[in-house]
Amino acid sequence: MTILNFPVSSNLPTETVSSYVTPRPASGHADRQAAGSTDGNLVQRTLAGCRPAFDDLIRRYQRQAVAVSYRLLGNAHDALEVSQNAFLKAFVNLASLQKPEAFGGWLMRIVSNLSLNFRRARKSRSHLHLDDLLVAKDQISAGGDLPSNHPDPVHQLASAEMGGRLRQALRTLSNKQRSAVILFTIEQLPQKQVAQTLGCSVEAVKWHVFQARKKLKEILRDYL
Amino acid sequence: MCSDELEHLLTEYLDGTLSPARRSALQKHLDQDPNAQARLELYRALDELLRVAPPLPPMRWDALAKQISAAIPRSPPKG
């Protein structure tokens, strides 16, 4: 199995933010059961030996984990690898989580830290079967499992260009500024959760987000 | 009010994190200052841009969940 190297800034039709931030409605019995469980319940059940409970946490948070990592790394393959590693790390260290209800914020902290470490190390790629996880272009046009939001090629091209410009702009920020603006402004996590994730105060989050926005506003002025 | 202070307030206004009193005071300022209003709109446009781009490439979420799950031990985590 080869690892795909297609550019993330491809003009593939894409999901809207809300489609991965907002949990999808439960479809099966297991999903309905998980939907009624709090993160705290699922963590406690996992610690008690109920492994499927952790699968529910994976389904609940994988989109947010991949989205945060993708925005920090700018590469979908790396984001998938980091997200898998983050869930593994979370599972192994689950007993050390002081507040089971805070699983989401704790996981995002792991995702952020691993993403930033990944950026520094740029270690060799693992052998995840990534090709199978990214929806191919032809499958999308043929009605793949995700709808096209932008069928117009001109719109796709403009969106891809803007996406590339934004990724460049995000790279000019410090790690704290980038993480803060990604988690708060883009992923719309509560400031308190962002503060927990970054290991700083809410006031510091506000400051980092402000500094990030100020820089981005200047860099992206032509698009605003 | 200096430029930086005003811009900080404008972003907090957008985030809905200002106290009612400060929000009201800023609203009055905005009503009288077209320049401040224009800056507010610039930040609003920036937030909208940030939230739509760069979007995630389409992914097979069910397959990803299974792959992540397969990489995690079946035995419970050690306490």
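The values are calculated or read from the model by the stated rules, or taken from the named source; none is laboratory data. Every value quoted in this text rests on a predicted model; they were computed, and no experiment measured them. Cβ coordinates were reconstructed from backbone atoms using ideal geometry, including for glycine residues, and neighbour counts include every protein chain displayed.
Scanning the range A:44-59 for residues that are more than 8 Å from every other protein chain (Cβ to nearest Cβ), in contact (Cβ under 8 Å) with a residue 12 or more places away in the chain and surrounded by fewer than 22 Cβ atoms within 10 Å (Cβ to Cβ) yields A:44, A:52, A:53. Within the range B:58-66, identify whether any single residue is part of a loop (DSSP other than H, G, I, E, B) and either crowded, with 18+ Cβ neighbours inside 10 Å or touching a strand residue (DSSP E or B) at 6+ places or on another chain (Cβ under 8 Å) (or both), and answer yes or no. Yes, the range B:58-66 contains at least one residue that is part of a loop (DSSP other than H, G, I, E, B) and either crowded, with 18+ Cβ neighbours inside 10 Å or touching a strand residue (DSSP E or B) at 6+ places or on another chain (Cβ under 8 Å) (or both). Name, by its number, the condition in (1) facing chain A (nearest Cβ under 7 Å); (2) within 19 Å of the chain's Cα centre (by Cα) that does not hold for residue B:63. Failing condition for residue B:63: (2). Among the residues in the range B:44-54, are any crowded, with 18+ Cβ neighbours inside 10 Å, more than 23 Å from residue B:13 (Cα to Cα) and within 7 Å of another protein chain (Cβ to nearest Cβ)? Yes. When each of B:17, B:11 is tested for being in a helix (DSSP H, G or I), within 9 Å of chain A (Cβ to nearest Cβ) and β-branched (Val, Ile, Thr), the lone residue that passes is B:11. So, residue B:45, is that one outside any loop (DSSP other than H, G, I, E, B) and under 30 Å from residue A:51 (Cβ atoms) or not? No: the conditions fail for residue B:45. Helices (runs of 4 or more DSSP H) fully within the range A:3-82 that include at least 2 residues being at pLDDT 90 or above and not acidic (Asp, Glu): A:39-47, A:51-73.
Can you name the residue in the range A:83-132 that is outside any helix (DSSP H, G or I) and of a type in the set (S, T, N, Q) and, of all such residues, is modelled with the highest pLDDT? Step by step, filter the range A:83-132, then rank; the result is A:93.
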